[in-house]
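Worksheet: the structure to be examined is printed underneath.
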Amino acid sequence: MSRELTIVGAGLAGALMARLLAQRGWKIDLYERRGDPRGGPAIGGRSINLALSERGWHALRMAKVDKAVAEQAIAMRGRAVHSLHGEVDLQPYGMNDSQVIHSVHRANLNRLLVSAAADAGVQLHFDHALRGVDWERSQLVMDTPDGPDLVSFRSVIGADGAGSPLRAAMVSAFGLDEQISWEEHGYKELSIRPLTDASGGDPQFRLDPHALHIWPRGKFMLIALPNADRSFTVTLFLPNEGDKSFAKLDSRGAVRAFFAEEFPSAVPLLEDLDQEFADNAVGPLATLRLQPWHHEGRALLIGDAAHAVVPFHGQGMNCAFEDCAELADLLCDECELAPAFAEFYKRRKANADAIADMAVENYYEMRDHVARADYQWGKKIESALARRFPDRFLSRYAQVSFTNLPYAEAKARGAIQAEIIGTLASADSLEQIDWHAAGRMVEERLQALPEHARLGAPKEVR
Ligand SMILES: Cc1cc2nc3c(=O)[nH]c(=O)nc-3n(C[C@H](O)[C@H](O)[C@H](O)COP(=O)(O)OP(=O)(O)OC[C@H]3O[C@@H](n4cnc5c(N)ncnc54)[C@H](O)[C@@H]3O)c2cc1C
């Protein structure tokens, strides 16, 4: 089999996929509609920073770019939950300091991955926007600044994002089943500038940089993630229509009044609120469910092009990176592409569906539950169970964020764990709980965790 592939989309998944395959001796052509990001200004577009967790790190380690990424990443140890009255409650994500997620700058990460792909020998073609596919002639129809270009391909991977034109061409030619569920909520990005002092000292963060900040307000929320330049990227998630909604925030006065009422502690930090609210568009949120993701050995979709999810578990990129790692392992030198693509889909589909569900559930957790007493009591029990039974019990959040357990397994174990916690939650204190009975329940209902998923396991490439 000739080891040649064409990839469309040099975003996060496309650039990493290209690097991983080129490192293994594949000849890769990578096409991207935008200009070359290397050396240029930050790429515009969606969210400025992203939460990177273990699945993403695993793929970055495989590509040998983890150290370069780590130099720019900021560790976030937990959620800092800001109440309406200004109190801040730090809720750790993990059981120790190795169980953290990291904030990374999207544009810098993309630049780094594109450079790494080029270093591995990938042929890069910028300013090439896929418009359509002539399947009979095996040609991609590209728009370029010099006019249309026809690019021949043997097999093409679409890493061209949630709005994937390759997916559209596959849906119309091969009848893939595509379902898109739009959320009734959207998002808008704002920012918190670093604190500078007049004497010219180093700029400072205006909030704890080692936390993901949340202002949960029941039906909506504001979040903030730190950047290496000591600013924070802030995102407002809000219903599009209704009483408290983007539709109602149609004037500077309405925006000011809403923020003063709902996020008073954030207002002094949002110096550019008026301008940013007016300038930045409301982004849509949706979940894509597609089947299958491939057609024979000729075309395959990965990342958001195959399974875009809502951003509330911070897993879209991590799941896309996990796709890259898994596909690179499946594309061996001798194997045919058609069965490899089919096997990839078989392995990934249930996991993509599981993270899609968990991401939607996490919106309710972040915007509402984190501020509630019954949730916090449940978290205390969860944490006590994880400490007492570390070989079997690990919070679902930790399974998703700090291990490589398949998402579907994390979801299934999480459901059992929620039932166990529910049974124990009628106690008034941890001391009142019958831990022997709890241990029996854990032993009967939960299989032992694999070694790497146990508390404090080292993080080498697995
Ligand atoms: C508000 C928000 C916050 C998020 N936060 C997180 C987070 O904290 N953690 C996390 O893991 N995930 C997060 N995500 C999800 C994450 O952004 C995506 O899952 C990730 O970008 C998917 O990578 P991708 O390479 O599949 O797609 P993209 O990153 O969208 O890349 C697609 C690439 O294809 C190119 N392209 C598009 N059309 C064409 C064309 N016609 N021809 C050629 N090239 C084309 C694009 O220019 C782009 O470079 C968030 C998403 C949003 C919206």
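Of the residues I48, I28, which single one is at pLDDT 95 or above and β-branched (V, I, T)?
I28
Is it the case, given these coordinates, that L113 is in a strand (DSSP E or B) and crowded, with 19+ Cβ neighbours inside 10 Å?
no
Tell me, which residue of the range 370-383 that is without any contact (Cβ under 8 Å) to a residue 60 or more places away in the chain and over 17 Å from L394 (Cα atoms) is surrounded by the fewest Cβ atoms within 10 Å (Cβ to Cβ)?
Checked the range 370-383; the qualifying residue surrounded by the fewest Cβ atoms within 10 Å (Cβ to Cβ) is A373.
I'd like to check something: does the range 91-110 contain any residue that is touching a residue at least 40 places away in the same chain (Cβ under 8 Å), assigned to a loop (DSSP other than H, G, I, E, B), under 23 Å from R217 (Cα atoms) and over 19 Å from the mean Cα position of the chain (by Cα)?
Among the residues of the range 91-110, not one is touching a residue at least 40 places away in the same chain (Cβ under 8 Å), assigned to a loop (DSSP other than H, G, I, E, B), under 23 Å from R217 (Cα atoms) and over 19 Å from the mean Cα position of the chain (by Cα), which makes the answer no.
List the residue pairs whose Cβ atoms are under 6 Å apart, where the first residue sits in the range 56-84 and is closer than 21 Å to L207 by Cα, the second is part of a helix (DSSP H, G or I), and the two are 6 or more positions apart or on different chains.
As it stands, the answer is Q72/N108; V81/V370, since those pairs meet every condition given.
Look at R193 and say whether it is in the same structural domain as D243 (by TED's automatic domain parsing), away from the ligand (no atom under 16 Å from the Cβ), closer than 15 Å to A266 by Cα and out of contact with any strand residue (DSSP E or B) (no Cβ under 6 Å at 6 or more places or on another chain).
Yes: the conditions hold for R193.
Working only within the range 286-299, note down all residues that are within 15 Å of the ligand (Cβ to nearest atom) and farther than 16 Å from N351 by Cβ.
A286, A299 - these are the residues of the range 286-299 that are within 15 Å of the ligand (Cβ to nearest atom) and farther than 16 Å from N351 by Cβ.
Is it the case that L5 is within 12 Å of the ligand (Cβ to nearest atom) and in contact (Cβ under 8 Å) with a residue 24 or more places away in the chain?
Details: within 12 Å of the ligand (Cβ to nearest atom): no; in contact (Cβ under 8 Å) with a residue 24 or more places away in the chain: yes.
Taking the combined requirement at face value, the residue does not satisfy it.
I'd like to know if the range 238-257 contains one or more residues that are within 16 Å of the ligand (Cβ to nearest atom) and crowded, with 22+ Cβ neighbours inside 10 Å.
yes
Taking the stated definitions as given, is A398 on the phi < 0 side of the Ramachandran plot and in contact with a Phe, Trp or Tyr (Cβ under 8 Å, 6 or more places away or on another chain)?
Taking the combined requirement at face value, the residue satisfies it.
What is the one condition in (1) of a type in the set (K, R); (2) more than 16 Å from the ligand (Cβ to nearest atom); (3) over 25 Å from L130 (Cα atoms) that R367 does not satisfy?
R367 satisfies every listed condition except (2).
Mind telling me which of the residues G186, G132, G158 ends up being within 11 Å of the ligand (Cβ to nearest atom) and either touching a Ser or Thr at 6+ places or on another chain (Cβ under 7 Å) or among the basic types (K, R) (or both)?
G158 is the lone residue from the list that is within 11 Å of the ligand (Cβ to nearest atom) and either touching a Ser or Thr at 6+ places or on another chain (Cβ under 7 Å) or among the basic types (K, R) (or both).
Mind checking which residues of the range 141-186 are part of a loop (DSSP other than H, G, I, E, B) and aromatic (F, W, Y)? Break it down stepwise before answering.
Pass one, the range 141-186, residues part of a loop (DSSP other than H, G, I, E, B): 145-146, 153-155, 159-164, 175-176.
The answer is F153, and nothing else.
Taking M358 and the conditions (1) closer than 23 Å to E409 by Cβ; (2) assigned to a helix (DSSP H, G or I); (3) modelled with pLDDT under 95, which numbered condition does it fall short on, given that it satisfies the others?
(3)
Would you pick out the residues in the range 384-413 that are buried (at least 21 other Cβ atoms within 10 Å of the Cβ), within 21 Å of L430 (Cα to Cα) and touching a Ser or Thr at 6+ places or on another chain (Cβ under 8 Å)?
Within the range 384-413, L394, S395 meet the criteria.
The values are calculated or read from the model by the stated rules, or taken from the named source; none is laboratory data. For clarity, every value in this text was computed on a predicted model and none was experimentally measured. Ideal geometry is used to build each Cβ from the backbone, glycine not excepted, and the neighbour counts take in all protein chains shown.
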